[in-house]
1. Amide H of R136 versus every other amide H placed in the peptide plane: which residues, excluding those fewer than 5 positions away on the same chain, fall under 5 Å?
2. When the chain is fully extended, how far beyond the present Cα-Cα distance does S84 get from H100, taking 0.36 nm per residue of separation?
3. Work out how much length R116 to T39 would gain on full extension: take 0.36 nm times their residue separation and subtract the Cα-Cα distance, in nm to one decimal.
4. For a quick check of your reading of the filter: which trypsin sites (Lys or Arg not before Pro) in segment 65-116 sit in a DSSP loop and have no more than 13 other Cβ atoms within 10 Å?
5. Summarise the accessible area of segment 1-42 (1.4 Å probe, protein heavy atoms) by the percent that is carbon and sulfur.
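The values are calculated or read from the model by the stated rules, or taken from the named source; none is laboratory data. Keep in mind it's a predicted model, so treat the numbers as computed, not measured. Glycine gets a Cβ as well: all are built from the backbone with ideal geometry, and neighbour counts include every protein chain shown. With ligands, DNA and RNA removed, areas are computed over all heavy atoms of the protein, side chains included. Shrake-Rupley method; radii C 1.70, N 1.55, O 1.52, S 1.80 Å.
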Amino acid sequence: MNQRESPLARYAARKDKSGRPLLEPEQVRAGERLREDYTFAQLTPSLSRGWQTERISGSGPQAGSADMTTDVIAARARVQRILSSMEPVLASVAVDVCCHLKGLEVVEAERDWPSRSARLLLQVALSSLATRYGERVQGPPGKG
């Protein structure tokens, strides 16, 4: 996986007005973990499928779960479980940025959102992912 393609790496390097990073390390780890699961689960669109001249087991529109390994099936179930447990708008922003590698400006333009709104939703989505992936552990209230 090339980290330079990841919008998360770019956003993690940026700072807010107070000098803090836009994304916390656990948010970045959770976003990259979603990307790994999504890619491993073969949920990314295939750009080369049209170039194949013969059918290969596990490819094409007719491919079913019988052609997939149990690891791929488990990754699909994990992605489905995590995304379905999130608010739909947060899940869609997480998928667009983490998995489809869209920039925040593109997400905002596609949804006709105000400037910088996708950044806030991405931060909330990544915090939610971090909790679901076990990257962020919540302590008892008032204990810091």
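1. For R136, whose amide H was placed from the backbone, the distant partners under 5 Å are T131.
2. Separation in residues times 0.36 nm, less the Cα-Cα distance, equals 4.0 nm.
3. 25.0 nm
4. R116
5. Here carbon and sulfur together make up 48 percent of the probe-accessible area.
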